[in-house]
Every structure is written in C-alpha cells, then in structure tokens.
Amino acid sequence: MTISWYPGHMFKANKELAKLIEQVDVVIEVLDARMPAASSNPLLHKMRRQHHKPCLHILNKADLANPDATRAWVKHLTRAGESSALPNGTGQLLFPATIVTHCQRLAQHQKRRYSAAIIGIPNVGKSTLLNQISGRKLAKTGNEPAVTKNQQRIKLNENWFLFDTPGVLWPRLEDQDAAYRLAAAGAIRHTAIVFEDVAMEAAEFLLRDFPEALIERYRIQPLPGSAEEFMSILAERRACRTQRGDTDWHRVSEILLHDFREGKLGRLTLELPPAAASNQTLHGEPPAGTPETHA
C-alpha cells in the first residue's frame with residue numbers, strides 16, 4: 001500500500017504558511033525526536049530558505065527517544081546564526097524562557113516586538129508545546145492528527161507573539177519508508193492507512209533494528225525470522241481471534257502500534273543524523289525501570 005494523505009485543508013494551510021513565514025522573525029519547527037528527518041516538512045525548509053528565516057527545532061517527545069541519539073540530532077541541527085535545536089518531553093520539559101531566549105538569539109536583531117510561527121506535521125505536539133510555552137490552555141490537543149485546523153495568533157507577553165498553525169504534510173510522500181514511520185507514529189489519520197500494513201512494516205523494522213525491545217516487551221524468544229510470523233505469535237499470545245477463530249490481524253496491529261506510540265517498547269530512535277548513522281548503540285534504550293543486561 002502506498003501511503004498518501006493530503007486533504008484540502010492542508011493545501012490551503014501550506015499556502016497560508018508561506019505568507020506567514022515571510023512575516024515572522026523566527027520559525028519554531030516541532031519534530032518527532034524518534035524520527036527528526038521523516039517529521040521535517042521539506043516545503044517548510046524551502047520556504048525558510050526563500051525568506052532567510054532562522055529556525056528553532058524542538059525535538060518533541062524526547063522522552064520516547066534514545067537520549068544519546070537526541071543529543072546527536074541537537075548537534076546536527078544546530079548551525080551558528082541559522083538554526084538551533086532543543087529536546088522536549090515528559091521529564092525534561094523546556095522552560096518558556098529558554099525557548100524565548102533561543103528565538104531572540106536567532107532573530108539576530110533588536111526589536112521591540114518579535115513573532116514566531118510554531119510549525120510541524122500532524123500529531124507531533126505543536127499545540128501541547130504552545131500551551132506549555134504560554135502556561136495556559138490556548139490550543140486544543142488530542143491523539144488524533146489534524147486537531148488544529150486554522151492559524152491562531154497568541155500574545156505571549158508584551159514583546160512576543162506566537163502563531164499556532166495546522167499540522168501539515170506535503171503533497172507527495174516520495175520516501176515510503178519515511179511515510180510508514182510517520183504512520184506508525186500516528187502522524188497520518190487512521191482512515192488514510194491500512195493498520196495491518198503499517199503494523200507489519202513496523203514489526204519488520206523492529207525485528208531488524210530493535211529485537212531486544214520486542215523480547216523485553218512480549219517475551220517472545222527466540223524471535224521468528226519474519227514480521228508475519230512475529231505478528232501471528234503475538235496474536236496468539238494476546239488472544240487476538242475473530243469470532244470464527246481466525247487471527248484478528250487488525251486487533252494485534254493496534255496492540256503493536258499502540259505500544260510503539262506510547263513508548264512501551266522503550267526509548268527508540270528510528271533515524272540517526274549522517275555523522276552518527278554508523279553507531280547502532282544510539283538507536284534504542286529499554287523502557288524506564290527496565291534493568292540493564294550485560295553480556
């Protein structure tokens with residue numbers, strides 16, 4: 001199945017986004033710390049370059065990602081005078097003053113008033129971040145993508161204005177491996193995907209890159225050689241059967257994707273920056289409270 005999700009409101013939002021970026025002083029791009037490359041909108045990069053706008057990258061959901069890998073991404077995304085990066089997640093929430101200070105440094109000019117646009121893909125946590133920065137509930141939040149439908153201008157204080165924007169993708173998801181990672185993370189509406197296909201792809205990369213996480217979570221050992229075999233065993237373990245007694249592939253798919261999205265498989269980073277890509281130890285870390293094992 002080829003994954004594609006670009007409803008009409010996203011087309012409109014991208015056009016409005018281009019105008020907004022021209023007006024603001026700084027762009028705040030919210031990324032998923034588990035997959036910073038896949039969750040970065042290439043259209044946004046083009047718009048920023050066109051208008052020479054600095055960017056603060058917020059690596060959101062950092063509590064679900066490998067901390068060493070997140071540090072590597074922060075280093076990779078930080079370029080003097082052009083961009084900066086900060087991790088944000090449960091247990092390591094950013095202080096509003098830290099975000100404002102970084103934005104002010106990136107703006108590179110003294111003004112009485114500044115403005116920043118908070119931008120990101122669907123369900124990456126933009127609205128939650130906005131509420132965090134402002135200290136009050138200004139934006140709706142939810143686990144479903146595309147909760148925010150329109151731009152929202154918010155006065156943070158006498159010197160700062162923030163713009164909350166709808167979560168948008170881009171017209172063609174040419175990298176289908178990245179598209180499946182986005183779907184596994186919940187960035188694509190469930191009606192636009194086949195749960196079973198996404199879960200099978202997720203099982204495949206988890207078997208390849210994070211076998212220890214699967215063993216720790218599901219106590220399946222030895223692990224089978226294929227994703228289909230793994231999902232079949234997991235379905236048996238979790239009693240995922242239809243009324244006719246067949247394997248309930250949809251239900252077992254929901255279990256695997258839920259566990260991945262909620263961090264039940266540990267702190268997993270699915271992508272590494274180029275300089276760190278050869279270091280496999282940066283990918284995963286067991287869930288909190290899991291004792292380390294030593295060979």
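Bear in mind that the values in this text are calculations on the coordinates, not laboratory data. Note that the structure is predicted; figures quoted are calculated from it, not measured. Every residue, glycine among them, receives a Cβ derived from its backbone with ideal geometry; neighbour counts consider all protein chains shown.
Our estimate of slack between LYS111 and ARG71, defined as 0.36 nm per intervening residue step minus the Cα-Cα distance, is 11.2 nm.
Using Cα springs under 10 Å in a Gaussian network model of the chain, which residue among LYS61, LYS46, LYS126 shows the largest mean-square fluctuation? Answer for the Gaussian network model of the chain: LYS46. Ranked by the mean number of other Cβ atoms within 10 Å of their residues, highest first, the peptides 182-192, 155-165 fall in the order 182-192, 155-165. Sort region 8-164 into rounded, prolate or oblate with this rule: let a ≥ b ≥ c be the square roots of the eigenvalues of the Cα gyration tensor; rounded if a/c is under 1.5, and if a/c is not under 1.5, prolate when a/b is larger than b/c, oblate otherwise. Because its axes are fairly even, with a/c under 1.5, region 8-164 counts as rounded.
Taking one quarter of the surface of the C-alpha convex hull of the chain gives a mean projected area of 16.6 nm². Modelled label positions at HIS190 and GLU254, each set 7 Å beyond Cα in the direction of Cβ, lie 0.6 nm from each other. Residues whose amide H falls under 5 Å from that of ALA85, counting only those 5 or more places apart or on a different chain, are HIS57, with hydrogens built in the peptide plane.
Out of the DSSP beta bridges found with both residues in the chain, what percent are antiparallel (nearest 5)?
For the chain, the DSSP antiparallel bridge percentage is about 30.
Under 5 Å from the amide H of LEU156 lie the amide H atoms of PHE161, LEU162, each residue being 5 or more positions distant or on a separate chain, with H modelled from the backbone and absent for Pro and chain starts.
Stretched out straight at 0.36 nm per residue, the stretch from ARG219 to LEU93 would grow longer than its current Cα-Cα span by 42.1 nm.
Label positions at ASP246 and GLN50, each projected 7 Å from the Cα along the C-beta direction, are separated by 4.9 nm.
Assuming charge only on the beta carbon of Lys and Arg (+1) and of Asp and Glu (-1), the dipole of region 137-275 about its Cα centre is about 740 debye to the nearest 20. Judged by the gyration tensor of its Cα atoms, with axes a ≥ b ≥ c, region 1-90 is oblate; a/c meets the 1.5 cut and b/c is at least as large as a/b. Charges on Cβ only, +1 for Lys and Arg, -1 for Asp and Glu, centred on the Cα centroid of the chain; of LEU20, SER226, PRO274, which one is farthest towards the dipole's positive end? It is LEU20. Filter LYS46/LYS155; LYS12/LYS46; LYS137/LYS264; LYS19/LYS126 down to the pairs with a C-alpha to C-alpha distance above 23 Å, please. Beyond 23 Å: LYS46/LYS155; LYS137/LYS264.
One decimal place: the segment GLU22-THR2 gains 3.8 nm when fully extended, by the rule 0.36 nm per residue minus the C-alpha distance. The helix-based estimate of mean residue ellipticity at 222 nm for the chain, built from -39,500 (n - 2.57) per DSSP H run of four or more residues and divided by its residue count, is -12000 deg cm²/dmol to the nearest 500.
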